[in-house]
1. May I ask you to list the residues in the stretch 96-115 that are touching an Asp or Glu at 6+ places or on another chain (Cβ under 7 Å) and buried (at least 20 other Cβ atoms within 10 Å of the Cβ)?
2. Which condition breaks for GLU44 when tested against (1) more than 24 Å from ARG20 (Cα to Cα); (2) free of Cβ contacts under 8 Å to residues at least 24 places away in the same chain?
3. Looking only at the stretch 19-44, filter to residues that are surrounded by 17 or more Cβ atoms within 10 Å (Cβ to Cβ) and under 19 Å from GLU130 (Cα atoms); which one of those is modelled with the lowest pLDDT?
4. All but one of (1) of a type in the set (A, V, I, L, M); (2) within 30 Å of ASN55 (Cβ to Cβ); (3) over 14 Å from the mean Cα position of the chain (by Cα) hold for VAL156; which doesn't?
5. Quickly run through the stretch 125-155 and pick out the residues that are farther than 18 Å from VAL18 by Cβ and in contact (Cβ under 8 Å) with a residue 12 or more places away in the chain.
6. Return the residues of the stretch 65-89 that are within 12 Å of the chain's Cα centre (by Cα) and among the polar types (S, T, N, Q); say none if nothing qualifies.
Amino acid sequence: MIETTGDDRTFPPALAEVARVEFEYDEDGGVDFEPYEAFDSAEETTDWLRNWTGNHELDGDAYRVFAQDGTGGLVALWMARPGRPLAEQPVVFLGSEGERGVVAGSLSDFLWVLADGVGPLEIVEFEQFEGRPNTALTDLAQRHATTPRRTAREIVTEAQTEFPAFSDDIDALCR
């Protein structure tokens, strides 16, 4: 079990605001992203992780699921930094067909990625780093972000460099 600080199931205010933004997705692009209004429960997360990996010995303590895409892929905060607050944990994507990747090094950086008009599915599955910037999400990021604005490509590259073994670690969990 990974140790975390404080009440680590409390939904961050920034994610609550993201949940109120309408994400457009169509044939011409957009962000296939459906934010939740609260984290999935520990039980739901454990059930999902066990089914996703085929490993029924796991628990979902390392993840706080807060969104999905239209195919059922999930977006989560990954509790990779023991003792650090939720907002300082990396954001990861675990797709419905086994795709996975680190999307941002923190919730703050993730807000900038969304503001750039790209989402976790687009980044991990299609390596798409440019989209239609979203004014509402830019305003939201400016209010909540504690990291400087950078491009989605810079944020993703930095996060994937910091956590290069994420995919291999997931492979090791699979049965």
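1. Taking the stretch 96-115 and keeping what is touching an Asp or Glu at 6+ places or on another chain (Cβ under 7 Å), we get 99, 105-106.
Scanning the stretch 96-115 gives GLY105, SER106.
2. (1)
3. We begin by selecting, within the stretch 19-44, every residue surrounded by 17 or more Cβ atoms within 10 Å (Cβ to Cβ); these are 23, 30-33, 35-36, 39-40.
Subsequent filtering for residues that are under 19 Å from GLU130 (Cα atoms) retains 23, 30-33.
On the way: PHE23: 91, GLY30: 79, VAL31: 90, ASP32: 93, PHE33: 95.
Filtering first and then ranking leaves GLY30.
4. (3)
5. Applying the first criterion (farther than 18 Å from VAL18 by Cβ) to the stretch 125-155 yields 125-130, 148, 150-151, 153-154.
Listed by number, the residues that qualify are GLU125, PHE129, GLU130, ARG150, THR151, ARG153.
6. GLN68, GLN89
The values are calculated or read from the model by the stated rules, or taken from the named source; none is laboratory data. Computed from a prediction, not measured in an experiment: that's the story for all the values here. We place every Cβ from the backbone using ideal geometry, glycine too, and count neighbours over all the protein chains shown.
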